[in-house]
Ligand SMILES: Cc1ncc(COP(=O)(O)O)c(C=O)c1O
């Protein structure tokens with residue numbers, strides 16, 4: 001057995017050693033107050049703020065540290081901080097690093113709530129957000145960068161439109177002006193090693209595949225340098241960010257089966273994506289492993305696989321009403337946000353997409369599919385029936401108003 005294999009690491013890390021006496025799993029430790037042996041010990045704890053030690057509940061418990069060790073390992077980093085949600089794993093490091101007068105670059109394809117945070121809270125604190133085309137060229141990117149750039153965000157692929165970004169190029173350009181690179185790497189868990197491609201701060205929504213059962217919310221932020229750890233750790237603790245140990249314990253349990261679920265869901269999704277690509281109702285499949293996906297060449301170069309989340313663009317004669325009629329008719333696909341759980345989901349996405357840089361016009365209604373652990377053929381049969389409903393709603397005139405955001 002090679003302990004460096006992803007599968008083995010998921011089993012061995014974040015739990016007591018195999019040859020120890022005791023239960024297989026780490027303890028679920030809940031707590032706020034930690035008792036010190038004497039006053040002298042109490043006086044030294046402030047200096048240990050950066051350590052992952054049981055000092056006070058906020059600083060984490062044995063359960064948090066086990067999950068942090070495991071996620072750091074998966075991401076290829078050295079230190080990890082668990083926070084309450086995936087969104088908090090984005091907003092907390094942004095607040096920790098950015099100051100009034102700074103600029104943050106954010107891909108136009110970014111997860112909606114990240115955009116909202118930038119446009120509201122960051123703006124109020126005097127931080128300017130500049131959105132950029134996720135497929136921007138090196139030359140274009142260089143020409144846009146101001147001296148105030150402090151953080152370059154990447155989210156690859158975009159979680160609704162699936163553009164795969166050229167992360168090494170973007171990181172190189174950002175580092176030339178001394179900016180830090182933050183990546184939302186939730187889609188690329190296991191298949192993209194952020195720190196080998198120039199990322200400084202890697203973000204995971206553990207709500208998705210690590211939790212894996214649609215029953216918790218949790219986020220993780222991983223770094224590789226002690227300098228970044230100091231920025232991050234102080235920022236997160238100063239914000240009072242905390243995650244429930246019960247949720248961390250569930251995430252640890254989910255992580256043990258992460259590899260098999262990713263294999264199965266990824267395989268099933270690719271088979272379904274290929275099948276959909278052959279259907280006349282589908283104009284384009286946005287699956288990073290298929291050439292029809294924008295940035296596919298970067299996926300080929302930098303990723304070792306895919307997961308169960310992808311999108312499709314319908315032929316122009318199918319409007320929003322037709323797509324919703326199709327989705328309502330599906331029996332095995334729930335209608336819901338989030339992804340990475342064991343169950344399949346379908347979500348019409350055109351109306352949720354906001355763009356300011358003109359990128360992302362795919363010329364048809366869009367649907368995002370999260371492929372779960374149901375039998376692949378059952379899912380195809382369900383989609384086949386759904387496409388028949390879609391066809392019965394085809395129109396010659398497309399209602400453009402439906403593409404406007406609410
Ligand atoms: C790409 C991406 N990042 C972050 C998040 C936020 O995660 P959470 O729901 O845990 O806050 C989501 C949620 O859908 C997401 O899709």
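Contact order for the stretch 258-403, expressed relative to its length and based on alpha carbon pairs under 8 Å spaced 6+ residues apart, stands at 29 percent. Shape analysis of the stretch 128-276 places it in the oblate category; the axes a ≥ b ≥ c from the Cα gyration tensor give an a/c of at least 1.5, with a/b not above b/c.
Does the stretch 313-398 classify as rounded, prolate or oblate by the C-alpha gyration tensor (a ≥ b ≥ c root eigenvalues; a/c under 1.5 gives rounded; else a/b over b/c gives prolate, otherwise oblate)? It comes out oblate by the Cα gyration axes. Extending 7 Å from Cα along the Cβ direction at residue 343 and again at residue 304 yields two label points whose distance is 3.2 nm. Label point of residue 244 set 7 angstrom out along Cα-Cβ; within the stretch 206-225, amide nitrogens under 11 Å from it belong to 215-218.
The value of relative contact order for the chain, using C-alpha pairs under 8 Å at least six residues apart, is 16 percent. Between residue 84 and residue 123, the modelled label-to-label distance comes to 2.4 nm, taking each label 7 Å out from Cα in the direction of the beta carbon. Counting only DSSP beta bridges whose two residues both lie in the chain, roughly 60 percent are antiparallel. Here the Debye sum runs over all C-alpha atoms of the chain as equal scatterers in vacuum, and log10 of I(q)/I(0) at q = 0.07 Å⁻¹ comes out as -0.34. Annotation: extensible slack from residue 213 through residue 34 equals 61.3 nm (criterion: 0.36 nm per residue apart, minus Cα-Cα distance).
For the chain, the longest principal axis of the alpha carbon atoms and the long axis of helix 86-97 meet at an angle near 60°. Once C-alpha pairs closer than 8 Å and six or more residues apart are averaged by separation and normalised to the residue number of the stretch 274-318, the relative contact order reads 43 percent.
In this simple spin-label approximation, residue 49 and residue 138 carry label points 7 Å from Cα along the Cα→Cβ vector, and these lie 4.1 nm apart. Computed from Cα positions, the angle between helix 62-75 and the longest principal axis of the chain comes to roughly 50 degrees. Relative to the current alpha-carbon distance between residue 253 and residue 20, full extension at 0.36 nm per residue lengthens the span by 82.0 nm. Multiplying the residue separation of residue 8 and residue 375 by 0.36 nm and subtracting their alpha-carbon distance yields 129.5 nm.
Against the chain, whose longest principal axis comes from its Cα atoms, helix 167-176 is set at around 50 degrees. Hydrodynamic analysis of the stretch 258-403 uses the Kirkwood radius over alpha carbon pairs. Inserted into Stokes-Einstein at 37 °C and 0.692 mPa s, it gives a translational diffusion coefficient of 211 µm²/s.
Quick note: the coordinates plus some simple rules give every number you see, no bench work behind them. The model shown is predicted, which means the values in this text are computed figures rather than measured ones. Cβ: placed from backbone, ideal geometry, glycine included. Neighbour counts: every protein chain shown.
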